[in-house]
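Okay, structure first, notes after.
The values are calculated or read from the model by the stated rules, or taken from the named source; none is laboratory data. Remember, it's a predicted structure, so these values are computed and weren't measured experimentally. Here the Cβ positions follow ideal geometry from the backbone for every residue, glycine too, while neighbour counts run over all protein chains shown. The protein model used for the area step is the full one, side chains on, heavy atoms only, and it has no ligands, DNA or RNA in it. Shrake-Rupley method; radii C 1.70, N 1.55, O 1.52, S 1.80 Å.
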Amino acid sequence: MPFRLSRGGPNVIAEVQRWQYFLLRIGIHQAGLIDGDFGMKTELATKFFQVQSGLTSNGKVNDQTLQKAQELGYTILPDDYYSAREGNSFPPEPNNLESPSNASRNAVFTCFKFRQRPRAQRPDAEAIVIKGSCDGSLSDWTAAKIIEIPMPQLKFARGFNGRVRCHKLAAPIIAQLFEAWERAELLHLIMSYEGCFVPRYKRNQAPPGAGGHGERKSADVSALSNHSFGSAFDINFSDNMLGQVPAFCGRRGSTRELVDAANELGVFWGGHFSTQDGMHFEISRVS
Ligand SMILES: [Zn+2]
């Protein structure tokens with residue numbers, strides 16, 4: 001029995017997201033944004049689809065509607081798809097990949113000098129200001145290393161402004177990852193995008209004080225976030241906050257199905273940290 005959907009029905013939220021993504025992908029923009037809520041907009045968009053397909057227009061994703069959608073590339077998942085992926089042990093932790101050490105990320109993405117302004121002058125508690133490269137060859141590390149790339153796969157994600165801003169060595173891997181997610185029909189899982197390059201310490205565990213500090217080198221400071229190197233990005237923040245159990249597979253905003261393809265490309269998932277960070281993906285291997 002396929003996953004049927006309707007307003008007020010016992011819907012699997014990830015299936016609502018998948019249906020909303022399908023409607024948007026075929027150009028029915030009445031669906032609005034991917035939010036996992038089968039509300040009036042999704043119902044209206046479903047009616048549009050039914051009219052367009054010559055079906056009775058009742059706004060319910062029933063068997064006839066699913067069959068028409070299938071003809072347009074919508075996949076009918078097996079009944080046990082979500083139950084087979086339940087709980088916090090899905091997905092399993094990769095055995096050949098780990099979060100990069102400070103030495104390895106500095107070796108790959110190169111060392112930068114940075115300082116921290118007094119608290120009253122910085123946008124958030126962990127923010128830093130990056131200056132030149134540690135070896136003195138670059139006066140502006142950010143200008144030399146950080147680039148912006150288009151990411152068409154994020155066009156339906158809230159908070160996405162058209163470009164991913166990241167390290168130039170991370171860019172091809174991030175682009176490949178979004179392509180892999182698209183091939184695997186997983187883009188409906190990405191509801192929001194919260195950015196990649198953000199110069200800052202790790203959240204809640206960093207040493208910074210109210211006074212800020214003078215110049216330091218990234219190679220000497222392991223408490224910096226990988227976002228400082230432009231080698232990590234965050235998605236679906238509100239359902240996968242730092243220190244919380246990431247949304248389970250099938251629930252709103254779950255990122256768990258995305259992890260397998262990420263690991264294959266050497267990208268580690270924050271949900272596998274001891275302090276879970278399910279929104280976070282970071283490049284751990286550059287080959
Ligand atoms: Zn992050």
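Mind counting the residues in region 154-181 that are in contact with a strand residue (DSSP E or B) (Cβ under 6 Å, 6 or more places away or on another chain), open to solvent by 50 Å² or more (accessible area, probe 1.4 Å) and farther than 21 Å from residue 29 by Cβ? Qualifying residue count for the region: 3.
Just one of the listed residues (243, 278) is open to solvent by 10 Å² or more (accessible area, probe 1.4 Å), assigned to a loop (DSSP other than H, G, I, E, B) and within 13 Å of the ligand (Cβ to nearest atom), and it is 243. Screening 124, 80 for residues that are exposed (fewer than 11 other Cβ atoms within 10 Å of the Cβ) and either polar (S, T, N, Q) or outside the structural domain of residue 203 (by TED's automatic domain parsing) (or both) leaves exactly one candidate, 80.
Can you name the number of the only condition in (1) closer than 20 Å to residue 76 by Cβ; (2) over 23 Å from the mean Cα position of the chain (by Cα) that residue 30 fails? Residue 30 satisfies all of (1) closer than 20 Å to residue 76 by Cβ; (2) over 23 Å from the mean Cα position of the chain (by Cα) except (1). Filtered by the rule that a residue be surrounded by fewer than 16 Cβ atoms within 10 Å (Cβ to Cβ) and in a helix (DSSP H, G or I), region 182-218 gives 182, 183.
Scanning region 53-77 for residues that are touching a residue at least 24 places away in the same chain (Cβ under 8 Å) and assigned to a helix (DSSP H, G or I), we see that the one that is surrounded by the most Cβ atoms within 10 Å (Cβ to Cβ) is 69. Here residue 146 clears all of (1) open to solvent by 60 Å² or more (accessible area, probe 1.4 Å); (2) under 26 Å from the mean Cα position of the chain (by Cα) except the condition numbered (1).
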